[in-house]
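Data first, discussion second: the structure below is written as structure tokens.
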Amino acid sequence: MMNVPFLDLRAHHASRRGELADAINQVVDVAAFSGGPFVSCFEADFADFCETRHAVGVGSGTDALWLALMALGIGPGDEVITVPMTFIATVEAISRTGARPVFVDIEETTYTLDPAGLERVVTPRTKAILPVHLFGQVADMEPILKFARARGIAVVEDAAQAHGARYDGQRAGSLGSAGCFSFYPGKNLGAFGEAGAVVTQDAGLAERVRVLRDHGQMRKYVHATPGWNCRMDGIQAAVLRVKLRHLEHYNERRRKHAAHYARALAGMPHLVLPFCDPRRTHVHHIYAIRVPARSIFMQQLASLGIGCGIHYPVPVHLQEAYAGLGHRRGAFPVAERCAAEFVSLPMYPELTSDQIDAVAQAVETALLSSPAYA
Ligand SMILES: *Cc1c(COP(=O)(O)O)cnc(C)c1O
């Protein structure tokens, strides 16, 4: 039996220990721990990578989303449209500004915001649309941007799972008014702790995020507006700069692994495999399949030594935290069906071919031996 962990960050960093230690030592040498030159250098590199004019480093992906919305002037009385199938931070960022989160269901093929649902929920209070590039595939941005532009609504991309993904050749994060990234350790580009960034083509928006991330400070001890402490650490920036140089290669490996999974799992009964829209370059942050009778299936995989996860088992509209929005079961049927069926298989650049074959073999065994599939 071959054990395959869901994620292996030790393997991910093993070959670059020296390079990463050198980068951290440089920060210690000049003692630039909060903001400072390492953060500015990373911001320049990351803006280049995203093909945007500006990048602003912040404390987390959640900070990035919240500050981007704040910088757009969104607050109490406003509405922001997003999806219920996401990590809860997307929705928290909206409610934290005082605005109301409004949900649209996802497409059953790509698991991203279904543009056909926008018309039904838009109101004069709608100030932004916040599509999520779930699992590493960019949402269907052309109709979303068209809808928003026609009504003077901003579009903020939650690109926390989509570093380097493309839509019609354009980078995730570069299509809307702002793109928000997380560098949580397990993301496609991960720090050695918490970090995030907002990217944008808009100099004014970038400047407002810069001021807000540092207590609303324009110059030392001159505070124009209340902000918060959302600065990026120097050490995180130095680590991210090293890893950013290898991100394209990491994403290539993920795509290769996804193609291998697709070949190995093709034709197995009851499985729904990820769909990659040809207009969009997927970066496979998460490799999610769909299976009925999930709990039996997952127990079998675990007993065969395969680590897996669920992203996400409860859609946000059914979380107790958002019971106040008044949504019932059945309100967003695609998100609910997916939440019941998703299983995330191991996916990281360092997976080996043998490990992928072992996962596929275990999936087949679990399917064939489960009474649920008889
Ligand atoms: C990880 C993630 C976030 C939050 O990022 P943090 O850095 O953990 O704050 C937001 N949205 C999505 C879709 C994510 O996957």
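The values are calculated or read from the model by the stated rules, or taken from the named source; none is laboratory data. Predicted model, so just to flag it, every value in this text is computed and none were measured. Counting neighbours? That spans all protein chains shown, and the Cβs are built from the backbone with ideal geometry, glycine included. Keep in mind that these areas ignore ligands, DNA and RNA; they rest on the heavy atoms of the full protein, side chains included. Shrake-Rupley method; radii C 1.70, N 1.55, O 1.52, S 1.80 Å.
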Counting only heavy atoms of protein chains, what accessible area per residue, in Å², does the stretch 152-245 have with a probe of 1.4 Å? 37
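Would you calculate, for the chain, the mean residue ellipticity at 222 nm contributed by helices, counting each DSSP H stretch of 4 or more residues as -39,500 (n - 2.57) and dividing by all residues, to the nearest 500? Present the calculation step by step, with values, prior to reporting the outcome.
Numbers: 13 runs with 145 residues, N = 374.
Using -39500 (n - 2.57) per qualifying helix, the result is -12000 deg cm²/dmol.
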FRET efficiency for R125 and I310, Cβ-Cβ distance as r, R0 = 25 Å, nearest 0.05? 0.15
Spatially proximal lysines relative to K256 (Cα-Cα < 20 Å; intrachain offsets below 8 disregarded): K187, K243
In the P(r) worked out for the chain, what percent of Cα pairs fall beyond 39 Å? 16
Can you return the lysines within cross-link range of K146? Criterion is Cα-Cα under 18 Å, with same-chain partners fewer than 8 residues away left out. K127
Could you work out the relative contact order of the chain, using alpha carbon pairs under 8 angstrom and six or more residues apart, expressed as a whole percent? 22
Compute the distance from the alpha-carbon center of the stretch 52-96 to that of the stretch 215-242, in whole Å. 17
Taking the Cα-to-Cβ direction at N3 and at T109 and moving 7 Å from each Cα, how far apart do the two end points lie in nm? 4.1
Cleavage-rule hits, trypsin sites (Lys or Arg not before Pro), the stretch 327-374, DSSP coil, Cβ neighbours within 10 Å at most 15: R328, R329
Across the stretch 112-120, in residue order, what do the Karplus-derived ³J(HN,Hα) couplings come to in whole Hz, using 6.51 cos²θ - 1.76 cosθ + 1.60 with θ = phi - 60° and x for Gly and Pro? 10, 3, 8, x, 5, x, 5, 3, 5
Area projected by the alpha carbon convex hull of the stretch 247-373, averaged over all directions, nm²: 9.4
Mind checking the per residue accessible area of the stretch 247-373 for me, 1.4 Å probe, whole number of Å²? 44
Relative intensity, log₁₀ I(q)/I(0), of the stretch 1-100 from a Debye sum that treats every alpha carbon as a point, q = 0.22 Å⁻¹: -1.14
Could you tell me what percent of the accessible area of the stretch 75-191 is made up of carbon and sulfur, with a 1.4 Å probe and every protein chain present? 50
Name the long-range amide H neighbours of Y184: under 5 Å, sequence gap of 5 or more, or other chain; modelled H, no Pro or chain starts. G61, A191, A195
Listed by chain and number, the residues whose amide H is under 5 Å from that of V58, excluding neighbours fewer than 5 places away on the same chain and using placed H, are G196, A197, V198
3J(HN,Hα) from dihedral phi, the stretch 163-175, Karplus parametrisation 6.51/-1.76/1.60, rounded to Hz, x for glycine, proline: 4, x, 5, 9, 9, 6, x, 9, 5, 3, x, 9, 8
State the percentage of accessible surface on the stretch 247-373 attributable to carbon and sulfur atoms; use a 1.4 Å probe and exclude ligands, DNA and RNA. 54
For the stretch 268-363, with +1 on Lys and Arg beta carbons and -1 on Asp and Glu, the positive-most of G330, S295, P315 along the dipole: G330
For the residue pair D48 and A21, what label-to-label distance in nm results when each label sits 7 Å from Cα along the Cα-to-beta-carbon direction? 2.7
Are there chymotrypsin sites (Phe, Trp or Tyr not before Pro) in the stretch 268-354 that DSSP marks as loop and that have at most 16 other Cβ atoms within 10 Å, and which are they? F275
Taking the alpha-carbon centre of each part, the distance from the stretch 301-340 to the stretch 118-183 in Å is 22
Inter-probe distance in nm under a simple model that places probes 7 Å from Cα toward Cβ, at A302 and D357: 2.8
Please list, ordered by chain and number, the residues whose modelled amide H lies under 5 Å from the amide H of Y167; skip anything fewer than 5 residues away on the same chain. A172, T281
